[in-house]
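Notes to accompany the following structure.
Nothing in this text is a laboratory measurement; each read-out follows from the coordinates by a stated rule. Computed from a predicted structure; not experimentally measured. Glycine gets a Cβ as well: all are built from the backbone with ideal geometry, and neighbour counts include every protein chain shown.
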Amino acid sequence: MQEDKIYEYAVIRLVPKVEREEFFNIGLVMFSKKEKYIRVEFHLCPDKFKLMYNKLDYDDIIQNLESFKNIANGSKNSGPIAQLEIPERFRWLTAVRSSVIQTSRPHPGKSKDLDTTFNKLFEDLVK
């Protein structure tokens, strides 16, 4: 019998005008310490992006989201944060910040299959 794996996840949000605190969900980050698992995916719909009153550049946001993903994945060219252990990377990615890319507070859960759970959460919360 396969045991449940404990994980944490946070929703990645785009906050075009930080002072207004309005956002929409654009991605998900999930990690499991015991499984040494971390995964980040994002989906920024260009049409939805255009609807938000903002002066942000779509390509700049995509580039920042790619950096976010590279840090999570521990890419060698992504700076010193990317070289930290998975739990420290997750904590850095989910730290409270006042920027246009933010995350929700982390939420815990249990799953027999982390990728299946990630895909379900992504579909429910982002798409």
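Here are the numbers for the structure shown:
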read-out	value
The stretch 44-108: chymotrypsin sites (Phe, Trp or Tyr not before Pro) in DSSP loop, at most 12 other beta carbons within 10 Å	Tyr53
Cα-Cα over 19 Å, subset of Lys5/Lys120; Lys76/Lys112; Lys34/Lys120; Lys36/Lys69; Lys33/Lys112; Lys48/Lys127	Lys76/Lys112; Lys34/Lys120
Sparse-neighbourhood loop sites, trypsin sites (Lys or Arg not before Pro) in the stretch 12-55 - DSSP loop, at most 12 other Cβ within 10 angstrom	Lys34, Lys36, Lys55
Test item: Cα-centred dipole of the chain, Lys/Arg +1 and Asp/Glu -1 on Cβ, debye	220 debye
Part-to-part distance (alpha-carbon centres) for the stretch 8-47 and the stretch 48-96, which is given in Å	9 Å
Under 18 Å from Lys50, Cα to Cα: aspartates and glutamates that are on another chain or at least 8 residues apart	Glu21, Glu22, Asp59, Asp60
